[in-house]
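Peer 1: Sharing a structure below in structure tokens format, with a few things to ask.
The values are calculated or read from the model by the stated rules, or taken from the named source; none is laboratory data. In this text, all values refer to a predicted model and were calculated from it rather than measured experimentally. Counting neighbours? That spans all protein chains shown, and the Cβs are built from the backbone with ideal geometry, glycine included.
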Amino acid sequence: MKNDTKLRLLTYNMHKGLSFLSRRQVLEEIKRAIHDVDADLVFLQEIRGDEKPIEGNGREAADFESQLEYLADTVWPHFAYGKNAIYQSSNHGNAILSRFPVKQWSNVDVSTNPFERRGLLHVVVAHPLLRELHLICLHLNLLATGRHWQIERLVGKLKVEVDDGPLIIAGDFNDWPQGLSGRLQDHLQVIEAHHSLHGRHARTFPSLLPLLCLDRVYCRQLAPLSAQVLTGKPWTQMSDHVPLLVELDLVEPVSR
């Protein structure tokens, strides 16, 4: 039975469900791996929105219309998808899988150039203790100027819409120089889970030998209990990122 006073979440850039080594689809392996983690919330980046999932036998998974539905299956009955990049045969973006009912969601376009289509997926879930929990899933630009503008958009949006209350911002920040945390902490009163527990951001890229700190989980009015980078098999055989798994305490929020 789940403990409602703890919140377990995973953030993962899944590389469109393709192995970065062989370019074959590894959606079935990703599904098994994220199900084994048993998270309450899963923040996904680079997920394809409307492509039929292919299982290990090379056949379409007939019961599912998209990668999102296939990964959620019966584990996460609630989910939202923010379409960002659209191309000839498909599209991709960010998604959140949730054990808690989704009350509302929106996707804000924060693209700064034609080559990087980016969005802020904002989901509000109904949690049994917190009532409303605001979630942001994002994937920021490769170039610093774009990232800084996108953070300004994020801060402006949340200062107006969610200036107080429980908040989680997670995803692929592409912030290898590690220059964004101070701004988020100052303006949104958030802390980064891995940094607060271990004194440094998590190394999540590349998956074979993680050196760069790209993936983050920021939270407000929630206390980080653990933050772990999931390395080794099967993660090194799938995406070019490894995931970050975080557990938060809902009872004794952190005060700054």
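Peer 1: List the pairs whose first member sits in the stretch 215-228 and is without any contact (Cβ under 8 Å) to a residue 60 or more places away in the chain, whose second member is crowded, with 21+ Cβ neighbours inside 10 Å and in a loop (DSSP other than H, G, I, E, B), and whose Cβ atoms are under 8 Å apart, counting only residues at least 6 apart or on separate chains?
Peer 2: 218/190; 219/166; 219/190; 220/166; 220/190; 221/166; 227/202
Peer 1: Let me ask you something else. Every residue in the stretch 148-162 that is of a type in the set (A, V, I, L, M, F, W, C) and out of contact with any Leu (no Cβ under 9 Å at 6 or more places or on another chain), please.
Peer 2: 149, 160
Peer 1: Can I ask one more? Sort out for me the strands (runs of 3 or more DSSP E) sitting completely within the stretch 80-193 that have 3 or more residues that are at pLDDT 95 or above and surrounded by fewer than 16 Cβ atoms within 10 Å (Cβ to Cβ).
Peer 2: 102-109
Peer 1: To continue, here is another question. Among the residues of the stretch 194-212 satisfying the criterion of being among the hydrophobic types (A, V, I, L, M, F, W, C) and surrounded by fewer than 20 Cβ atoms within 10 Å (Cβ to Cβ), which is nearest to the chain's Cα centre (by Cα)?
Peer 2: That would be 212.
Peer 1: Residues that are out of contact with any Ser or Thr (no Cβ under 7 Å at 6 or more places or on another chain) and under 26 Å from residue 221 (Cα atoms): does the stretch 81-88 have at least one?
Peer 2: Checked against the condition, which is being out of contact with any Ser or Thr (no Cβ under 7 Å at 6 or more places or on another chain) and under 26 Å from residue 221 (Cα atoms), the stretch 81-88 yields at least one hit.
Peer 1: Suppose we filter the stretch 212-250 for residues that are in contact with a His (Cβ under 8 Å, 6 or more places away or on another chain) and acidic (Asp, Glu); how many remain?
Peer 2: The qualifying residues number 2.
Peer 1: Looking only at the stretch 48-70, decide whether some residue is part of a strand (DSSP E or B), modelled with pLDDT of 95 or more, out of contact with any Pro (no Cβ under 7 Å at 6 or more places or on another chain) and not aromatic (Phe, Trp, Tyr).
Peer 2: no
Peer 1: Out of the residues in the stretch 221-235 meeting the condition of being under 16 Å from the mean Cα position of the chain (by Cα) and assigned to a strand (DSSP E or B), tell me which one is surrounded by the most Cβ atoms within 10 Å (Cβ to Cβ).
Peer 2: Across the stretch 221-235, the extreme among qualifying residues is 227.
Peer 1: Filtering the stretch 6-29 down to residues that are under 15 Å from the mean Cα position of the chain (by Cα) and modelled with pLDDT under 95, which residue is surrounded by the fewest Cβ atoms within 10 Å (Cβ to Cβ)?
Peer 2: 16
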